[in-house]
Amino acid sequence: MPVTASAQVVLDAARDDVLQRLDALPEPRSVEAVTGVVAAMTTEGAPWVAADGTATVGFEAQVGGSGCLIGSVPPSGRATVETGGFIMDGGCHALTGH
């Protein structure tokens, strides 16, 4: 779903803050450490956080009524975080079959 201009300002600020905190984590970064940072920075519900087979941690989290942060955190190196709108059910993470 589209993001309004005012919501994008909120999402951009949240993205910048989360990126700074994720990049400050000691390496290698764990699922628990990433979950702690993302949960502390988001305002609605619990974020979805999971590690893939390469130990990269992915997450999707809601920032108030503004939208979502979608990120990837490798065990070492720079994290990436994008902003986006809500999916059709009003959340951020599309489950299999949706």
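The values are calculated or read from the model by the stated rules, or taken from the named source; none is laboratory data. This one's a predicted model, so the numbers in the text were calculated from it and none came from an experiment. All Cβ positions, glycine included, derive from the backbone under ideal geometry; neighbour counts span all protein chains shown.
Take V38 and tell me if it is at pLDDT below 90 and within 18 Å of G90 (Cα to Cα). Against the criterion (at pLDDT below 90 and within 18 Å of G90 (Cα to Cα)), V38 does not qualify. Within the stretch 15-35, the set of residues being assigned to a helix (DSSP H, G or I) and over 20 Å from G85 (Cα atoms) comprises Q20, R21, L22, D23, V31, E32, A33, V34, T35.
Residue count for the stretch 4-32, restricted to those that are modelled with pLDDT of 90 or more, among the hydrophobic types (A, V, I, L, M, F, W, C) and surrounded by fewer than 17 Cβ atoms within 10 Å (Cβ to Cβ): 5. The C-beta contact set for the stretch 8-34 (first residue within 17 Å of P74 (Cα to Cα) and of a type in the set (D, E, K, R), second residue at pLDDT 90 or above and exposed (fewer than 15 other Cβ atoms within 10 Å of the Cβ), distance under 8 angstrom, 6+ apart or interchain) comprises R15/E82; D23/R78.
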